[in-house]
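Below is one structure, written out as structure tokens; the observations come after it.
The values are calculated or read from the model by the stated rules, or taken from the named source; none is laboratory data. Fair warning: this is a prediction, and the values are worked out from it, not measured in the lab. Glycine also receives a Cβ, built like all others from the backbone with ideal geometry; neighbour counts cover every protein chain displayed. With ligands, DNA and RNA removed, areas are computed over all heavy atoms of the protein, side chains included. Shrake-Rupley method; radii C 1.70, N 1.55, O 1.52, S 1.80 Å.
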Amino acid sequence: AAALNMLLSVVFTAVIRRKFKPSWSLGMIPDPENPVIARLLGLGKMWHYMLSITTFILTFFLNQAYSLWRQVYSHGRQIQGRLNDIGLLLASTAKRDNKGKYMPESQVLLDDVAVYSRLFHAFMWASLAKNYKILQTDRGMSRLLSRGVLTREQYDSLRSLSGNTGPQYACMMWILIRSLRGMEDGTLPAKDFAITDLILKKITDLRGTRG
């Protein structure tokens, strides 16, 4: 497109200089008193007005688009960080045997939290992006159930939620409840209040990172 516009400009300049014999040299400012240039002055003013408006619109919307991209990126990294923190804290404090391997109950807890974390992440973006909104509908959750992403119990629980409670919040509560149960049965340390407070803080921080 740029090469075509340059070619048209060269042809137009050549035609004007050949047909109307201008008094100014090539590359100099045209004489505004020339009949041809006088007719083009109005077009030139209109072109400059359109150029200014177009530049303003493109600059404004590009700036807005960049700001939106930065917000999405920032929230995405924050959510990723909180989920990583939760996984690291639970994995490092879950009960192990004398050989350093996870006890069976610890492995079950970590697997459950991993499932809830993936569901939270999927439903969180579904609440923000129109392309993924269908995941929050009955049709979307039925598909997740048929693909084995949701269990029947989880599916029934999400279907019973009220309209103001998104499934992402239910998944966040599942992570919290599962961690509390792990503390109660000794799978996670319950008497270490610093670790307990840190785990609970990271889980509740998921709500704040949604933006």
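Quick notes on this one:
- Counting only protein heavy atoms and a 1.4 Å probe, the chain has 71 square angstrom of accessible area per residue.
- Theoretical FRET efficiency, 1/(1+(r/R0)^6), r = Cβ-Cβ of Phe60 and Lys130, R0 30 Å, to 0.05: 0.85
- Gain upon complete extension [Lys19, Asp97; 0.36 nm per residue less C-alpha separation]: 18.5 nm
- The range 1-127 - percent relative contact order, Cα under 8 Å, separation 6 or more: 10 percent
- The chain: angle of helix 104-126 to the longest principal axis, Cα-based, in degrees nearest 10: 30 degrees
- Label selected from (i) 0.98; (ii) 1.40; (iii) 0.94, the criterion being Rg/Rh (Cα atoms, Kirkwood Rh) as computed here: (ii)
- Extension gain, Ala2 to Asn84, is 24.7 nm, computed as 0.36 nm per intervening residue step minus the present C-alpha separation.
- The helix-only estimate of mean residue ellipticity at 222 nm for the chain, built from DSSP H runs of length n ≥ 4 each weighted as -39500 (n - 2.57), is -25000 deg cm²/dmol after division by the residue total.
- For the peptides 5-16, 181-192, residues were scored by their other Cβ atoms within 10 Å and the scores averaged per peptide; the highest-first order is 181-192, 5-16.
- Spherically averaged projected area of the convex hull of Cα atoms, the range 1-92: 10.0 nm².
- Net length gained if the chain between Asp156 and Asn34 were fully extended (0.36 nm per residue, minus Cα distance): 35.8 nm
- Scattering curve values for the range 116-195, log₁₀ I(q)/I(0), Debye with Cα scatterers, q = 0.18, 0.21, 0.23 Å⁻¹: -0.75, -0.91, -1.04
- Measuring with a 1.4 angstrom probe and ignoring ligands and nucleic acids, Tyr155 comes out at about 20 Å² accessible.
- Degrees between helix 193-208 axis and first principal axis of the chain (Cα, 0 to 90, nearest 10): 40 degrees
- Principal axis dimensions, the range 53-139 - Cα atoms, whole angstrom, descending: 72, 31, 11
- Carbon and sulfur %, accessible surface of the chain computed with the full protein complex present, 1.4 Å: 61 percent
- Rel. contact order, % - alpha carbon contacts under 8 angstrom, at least six apart, the range 83-211: 33 percent
- Helix 35-93 and the longest principal axis of the Cα set of the chain meet at an angle near 10°.
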